[in-house]
Amino acid sequence: MSTTVYTTMESPFGRLLLSGVLPEGGGPAALATVTVPGQKYALAEPADDWVRDPAALAEPVAQLTDYFAGKRTGFDLPLAPEGTEFRRRIWAALDEIPYGTTVTYGELAELAGQEPRMVRAVGGAVGANPLLIVRPCHRVLGAGGALTGFAAGVDRKRWLLDLEGGTLF
């Protein structure tokens, strides 16, 4: 049975809650969740069975700190998000969106090998992304470049896009 560990860190969005799964054989935790205060459909506090272990999540904290400081454009971390096969396929496509660029939900559907007409299902998978910021769901825009849908709030989405220096449609 695996152990879920957690830590918190301060960010421009307030206190982030990070959780990870420790491998049975030892080693760094695989990042499972990154959530911000007030995020829809996300835990605001650690689950009762999680173990506080800042050392196990030191690398994700360091990489997020560098990202917020404008020193990092991507993440190189072991990941362990839980989701359906469809959601995992959409989340993997998020990883293909380059820093400083944006795509529409229809374009993301195509990146994930789905029909562009599946934008609602794709939007649902994006909204369920458990790795906020690390998996760049903030880079997905509505048709015509509208700043729509972000579990952490549109103001935070705009802030992340401004940090990355990306251009909106």
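The values are calculated or read from the model by the stated rules, or taken from the named source; none is laboratory data. These numbers come from a predicted model, not from an experiment. Please note: Cβ atoms are built from the backbone with ideal geometry, for glycine as well, and neighbour counts cover all protein chains shown. Just the protein is used for accessible areas: all its heavy atoms, side chains included, with ligands, DNA and RNA removed. Shrake-Rupley method; radii C 1.70, N 1.55, O 1.52, S 1.80 Å.
Numerical summary
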item	result
Portion, in percent, of the accessible area of the chain that falls on carbon or sulfur, probe 1.4 Å	51
Ranked order, Lys40, Lys71 - accessible area, probe 1.4 Å, largest first	Lys71, Lys40
Most positive-pole-ward Cα, Pro60, Gly25, Phe150, against dipole of the chain from beta carbon charges	Phe150
HN-Hα J in Hz across region 147-164 - Karplus 6.51, -1.76, 1.60, θ = phi - 60°, x for Gly and Pro	7, 10, x, 7, 4, 9, x, 5, 4, 5, 4, 4, 4, 5, 5, 5, 4, 7
On Cα atoms only, tilt of 85-94 relative to the major axis of the chain in degrees	80
Accessible heavy-atom area order of Ser19, Ser2, highest first, probe of 1.4 Å	Ser2, Ser19
Largest to smallest accessible area among Tyr6, Tyr41 [probe 1.4 Å]	Tyr41, Tyr6
Using alpha-carbon coordinates, inclination of helix 58-68 to the longest axis of the chain, degrees	30
Heavy-atom accessible area per residue - region 1-89, 1.4 Å, Å²	57
Residues of region 90-169: accessible area per residue with a 1.4 Å probe, Å²	43
For the chain, calculated [θ]222 nm from helices alone, where every DSSP H run of n ≥ 4 adds -39500 (n - 2.57)	-8000 deg cm²/dmol
Check: the chain dipole with +1 on Lys, Arg Cβ and -1 on Asp, Glu Cβ, in debye	480
Nearest-20 debye value, region 17-92 charge dipole, Cβ charges on Lys, Arg, Asp, Glu	400
Leading residue at positive end of dipole, region 1-106 (Cβ point charges), from Thr104, Gly70, Ala93	Thr104
Value of relative contact order over the chain, rounded to a whole percent, pairs C-alpha under 8 Å and six or more apart	21
